[in-house]
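Quick note: the coordinates plus some simple rules give every number you see, no bench work behind them. Quick caveat, the model's predicted, so the values are computed rather than measured.
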Amino acid sequence: MDFQFDATAGGRRLKFLAVIDEHSRLCLTIRVGRRCRAEDVVAVLEELTSLYPAPAFIRSGNGPEFIEQALRDLV
């Protein structure tokens, strides 16, 4: 789980949250938006755990979206 960044032709920033299963290499979701907060990451994880079994471990980047209290409360 990590973010990628790009920009539109007009120069506005886009942020992509990609969640990939490392075992199967299946991309579980890609969320695109202008911004993404910790609460948005939690919502994506909750949605994914309603569709797939919860993983034993989650590997993520170390951006502020992944280290905020909202994510710590999820665990």
> Relative contact order, percent, of the chain when contacts are C-alpha pairs under 8 Å separated by at least 6 residues?
Replying inline: 27 percent
>> Compute the helix-to-body angle for 38-51: its Cα long axis versus the longest principal axis of the chain, expressed 0 to 90° and rounded to tens.
In response: 50 degrees
